[in-house]
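Here the structure comes first, spelled out in structure tokens, and everything after it is commentary.
The values are calculated or read from the model by the stated rules, or taken from the named source; none is laboratory data. It should be emphasised that the depicted structure is a prediction, and the values quoted were computed from it without experimental measurement. Cβ: placed from backbone, ideal geometry, glycine included. Neighbour counts: every protein chain shown.
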Amino acid sequence: MTRPTIIMAAPNGARKVKTDHPAVPVTIAETIATAKECHAAGASILHAHVRDDDGKHLLDAGRYGQLLDGLRQEVPEMLVQITTEAVGIYTPEQQADLVFALKPDFVSVGFREMIGDNGEAARALAKQFYHQSLTEQINVQHILYDLDDLQRFRVAMADGILPAARPHLLLVLGRYSGNFQSDPAEMKPFIADGLTDMASWSICAFGHREFDVMTDAIASGGHCRVGFENNLYLKDGSLAPNNAALIRQLAETCQPATREETLALFAL
């Protein structure tokens, strides 16, 4: 395949810990070391989570600032996306406060989390957040979990809650499968719904079929988020020794986007 494909490394997420796999990075130092390995394996951008001193999910501008400073020093060519994942802890207001306190280049935002109950106050907050992000040149990746999310996203675009800029979406497969196992067939309804006409998009997939989903997504014009956040296993079913091994096996099947190509593909 000759089309540049963004490979985003997602090495830890909000929930994985050392008992899930000893190579899950939890500390800032471990995350930086993992980022260097993943970048060398073909990832152009890191999807970054930070944890508190007990290893629990945290949205904190100070701790994110430490991570970003360390990444700029140790792996300056790698782009970084922070998360606003709520994990049932943080409100949309707190998520927005983190983003505008930190002003990252890239951020992933769960659309259903930011739009909340879809009431008037929630819609007003979401509109302010999305438009201010565009004004401040913060690249938002919108996370969608199902076709209902996609339909609500389309309505929000039509209503002006989302700015009139081509969005970049992240489709999450397998989250609601019952056993957290994705299937490439889950992607087909999104494609049939005209997703490729309205947005650029990436995919992430829970479970051992992550690689199959990624290769199908690439063939359909999508990009990839890969790592221990969603899957611990290589395509042959064996336990991956580390995040970089998952990146490497995918990079061998496509043309990994460079930093410059990733910036162009994510362009606001």
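Scanning the stretch 194-216 for residues that are more than 17 Å from HIS142 (Cα to Cα) and not hydroxyl-bearing (Ser, Thr, Tyr) turns up PHE206, GLY207, HIS208, ARG209, GLU210, PHE211, ASP212, VAL213, MET214, ASP216. Which residues, counting only those in the stretch 241-267, are among the polar types (S, T, N, Q), assigned to a helix (DSSP H, G or I) and touching a residue at least 40 places away in the same chain (Cβ under 8 Å)? Passing the criteria: ASN243, THR262.
A quick yes/no check of all residues on (1) of a type outside the set (A, V, I, L, M); (2) modelled with pLDDT under 95; (3) assigned to a loop (DSSP other than H, G, I, E, B):
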residue	(1), (2), (3)
ASP20	yes, no, yes
ILE32	no, no, no
LYS36	yes, no, no
ALA43	no, no, yes
GLY65	yes, no, no
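For the condition aliphatic (A, V, I, L, M) and more than 16 Å from the chain's Cα centre (by Cα), LEU239 qualifies. Kindly check whether there is at least one residue in the stretch 230-240 that is among the hydroxyl-bearing types (Ser, Thr, Tyr), at pLDDT 95 or above, part of a loop (DSSP other than H, G, I, E, B) and under 22 Å from THR2 (Cα atoms). There is no residue in the stretch 230-240 that is among the hydroxyl-bearing types (Ser, Thr, Tyr), at pLDDT 95 or above, part of a loop (DSSP other than H, G, I, E, B) and under 22 Å from THR2 (Cα atoms). Residues in the stretch 92-114 that are outside any helix (DSSP H, G or I) and among the aliphatic types (A, V, I, L, M) were compared, and the one that is surrounded by the fewest Cβ atoms within 10 Å (Cβ to Cβ) is VAL107. Here is the figure for the stretch 45-63: residues that are touching a Phe, Trp or Tyr at 6+ places or on another chain (Cβ under 8 Å), free of Cβ contacts under 8 Å to residues at least 60 places away in the same chain and assigned to a strand (DSSP E or B) total 2. Residues of the stretch 13-66 that are more than 26 Å from LEU250 (Cβ to Cβ), aliphatic (A, V, I, L, M) and surrounded by 22 or more Cβ atoms within 10 Å (Cβ to Cβ): LEU59 alone. Within the stretch 123-154, restricting attention to residues that are assigned to a helix (DSSP H, G or I), among the aliphatic types (A, V, I, L, M) and at pLDDT 95 or above, the residue that is surrounded by the most Cβ atoms within 10 Å (Cβ to Cβ) is ALA126.
Here's the yes/no breakdown for (1) small (Gly, Ala, Ser); (2) in contact with a Leu (Cβ under 9 Å, 6 or more places away or on another chain); (3) under 19 Å from THR91 (Cβ atoms):
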| position | (1), (2), (3) |
| --- | --- |
| ASP105 | no, yes, no |
| VAL109 | no, no, yes |
| GLY116 | yes, yes, yes |
| ALA126 | yes, yes, yes |
| GLN137 | no, yes, no |
| GLN141 | no, yes, no |
| LEU144 | no, yes, no |
| ARG154 | no, no, no |
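In summary, GLU77 fulfils each of the numbered conditions (1) assigned to a loop (DSSP other than H, G, I, E, B); (2) over 21 Å from ARG225 (Cβ atoms) with the single exception of condition (2). Would you check if ARG166 is in a loop (DSSP other than H, G, I, E, B), within 29 Å of LYS16 (Cα to Cα) and touching a residue at least 24 places away in the same chain (Cβ under 8 Å)? Judged against the criteria, ARG166 is not a match.
Yes/no per residue for (1) surrounded by 17 or more Cβ atoms within 10 Å (Cβ to Cβ); (2) at positive phi; (3) touching a helix residue (DSSP H, G or I) at 6+ places or on another chain (Cβ under 6 Å):
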position: ARG175; (1), (2), (3): no, no, no
position: LEU195; (1), (2), (3): yes, no, no
position: ALA205; (1), (2), (3): yes, no, yes
position: VAL213; (1), (2), (3): yes, no, yes
position: ILE218; (1), (2), (3): yes, no, no
position: GLU260; (1), (2), (3): no, no, no
